[in-house]
């Protein structure tokens, strides 16, 4: 027998299936259908590698695809997804075991978790279990999903993830995750910037914030509209403040055009000293009122 023997069910795996509520038949009466890539078929690839998302995937022939996905954000995150060619026709649980390679004779499979099967939906695992699967693959183990076939009361399914040729793509996946942005679209979709007194120059903190937005726009091309509203404090005269707010709006519009947003997608309005959000009789209050409100929308 070729590579399929490498991933044969261990005695403990069969016993676990036989004792589960989903497997009432004795182990010797069960027909286990295995799905696994042979050595020649084993293929891992980094399908997406951007500052917003990293995805590592592997195909299980005649069964489906598994993927590990991490997105940009404040905290490191990871999700595992199992996309079956034929999605579940009923609800149930799959046993997830880490099966050792044949050369580790005598070592038993390790139970990792239960995997929820949802009718007509792909399944997924959260961060902790996803990292466990990656760790097991890195050590040469085969995460394997065991569950009852919803079309046959006599059959069990064993879908295995082949660790062959995993190391190289996994290294690229790790490098991609290290380069993910530490913020998301939701973090910048609504942004308030503040200005220095009597100027269209942003404060240092707001300038840094605008730089973050520019960095994000390099990677997300799905922005469909930008709304820019600018305001001033009440010092300097109403007409002068209206002109200053329009100048601030024009400067920001030019920034977004340079960042790759079509001019037709950008709407601006300068309100001058209207619509204060803080008292104007203190330096702090005036600093709050000297502001631009930026709202981004995407598909």
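Readers should treat all values here as calculations from the given coordinates under stated rules, not as data from a laboratory. What you see is a predicted model; the values in this text were computed from it and never measured. Because the Cβ atoms are built from the backbone with ideal geometry, glycine has one as well, and the counts that use them run over all protein chains shown.
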Principal-axis tilt of helix 127-138 within the chain, Cα atoms, nearest 10 degrees: 50 degrees
So if I take the centroid of the Cα atoms in the stretch 27-84 and the same for the stretch 90-112, what is the distance between those two points in Å? 16 Å
Provide Rg over Rh for the chain; use the alpha carbon set for both Rg and the Kirkwood Rh (inverse mean inverse pair distance). 1.21
Which angle between 0 and 90 degrees, to the nearest 10, do you get for helix 238-258 versus the longest principal axis of the chain when only C-alpha atoms count? 30 degrees
Ranked from highest to lowest mean number of other Cβ atoms within 10 Å per residue, what is the order of the peptides 142-148, 70-76? 142-148, 70-76
Approximate spin-label separation residue 190-residue 263, in nm, with each point projected 7 Å along Cα-to-Cβ: 3.1 nm
Honestly the stretch 79-143 on the Cα gyration tensor test (a ≥ b ≥ c root eigenvalues; a/c under 1.5 rounded, otherwise a/b vs b/c for prolate or oblate) is just prolate
For residue 151, project a label point 7 Å along Cα to C-beta. Then give me every residue of the stretch 53-75 with its amide nitrogen under 20 Å of that point. 60-66
Zone reached by a paramagnetic label modelled 7 Å from residue 76 Cα along Cα→Cβ, restricted to the stretch 167-187 with backbone N below 11 Å, covers 174-175, 177-179
Could you give the distance between the Cα centres of the stretch 122-159 and the stretch 265-299, to the whole Å? 52 Å
Quick one: length gained pulling residue 239 to residue 214 fully straight, 0.36 nm per residue minus the C-alpha distance? 5.9 nm
Using alpha-carbon coordinates, inclination of helix 204-217 to the longest axis of the chain, degrees: 50 degrees
